[in-house]
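Participant: If you scroll down you'll find the structure; I have some questions about it.
The values are calculated or read from the model by the stated rules, or taken from the named source; none is laboratory data. Please read all numbers here as calculations on a predicted model, not as lab measurements. Note: ideal-geometry Cβ built from the backbone for every residue, glycine included; neighbour counts use all protein chains shown.
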Amino acid sequence: MSPECLFVLDHYNDYISGELAPEKISRVEDHIKACPNCEIFLGKFTRIHSRTVGLLRAPAPPALRKSISSLLEKV
Ligand SMILES: [Zn+2]
């Protein structure tokens, strides 16, 4: 594993979350274009990340919302 692979591993989370500094984004993207292993890794992680974010944004089940609302009414 090259130092650039380690750089990608250290920064992939911020990269995918859109929180990486612009100069580091181009370093990650330049490396991904040249390294099939990092490209595959980031591709898989990006899919997992989008699914997780999608699940977190899904509305709560009606029964859960109802019980939370009734709890809040008591406060
Ligand atoms: Zn790499």
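Participant: Working only within region 11-35, note down all residues that are over 17 Å from Ser50 (Cβ atoms), of a type in the set (D, E, K, R) and surrounded by 12 or more Cβ atoms within 10 Å (Cβ to Cβ).
Facilitator: Lys24, Arg27, Glu29 - these are the residues of region 11-35 that are over 17 Å from Ser50 (Cβ atoms), of a type in the set (D, E, K, R) and surrounded by 12 or more Cβ atoms within 10 Å (Cβ to Cβ).
Participant: Identify, by number, the condition in (1) modelled with pLDDT under 90; (2) touching a helix residue (DSSP H, G or I) at 6+ places or on another chain (Cβ under 7 Å); (3) hydroxyl-bearing (Ser, Thr, Tyr) that Ser50 doesn't meet.
Facilitator: (2)
Participant: Given the criteria of a type in the set (Phe, Trp, Tyr), out of contact with any strand residue (DSSP E or B) (no Cβ under 7 Å at 6 or more places or on another chain) and more than 12 Å from the ligand (Cβ to nearest atom), does Phe41 qualify?
Facilitator: No.
Rundown of residues vs (1) in contact with a His (Cβ under 7 Å, 6 or more places away or on another chain); (2) away from the ligand (no atom under 12 Å from the Cβ); (3) β-branched (Val, Ile, Thr), yes/no style:
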residue	(1), (2), (3)
Lys33	no, no, no
His49	no, yes, no
Arg57	no, yes, no
Ala60	no, yes, no
Arg65	no, yes, no
Ile68	no, yes, yes
Leu72	no, yes, no
Val75	no, yes, yes
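Participant: From the set of residues in region 53-68 that are surrounded by 10 or more Cβ atoms within 10 Å (Cβ to Cβ) and small (Gly, Ala, Ser), which is modelled with the lowest pLDDT?
Facilitator: Ala60
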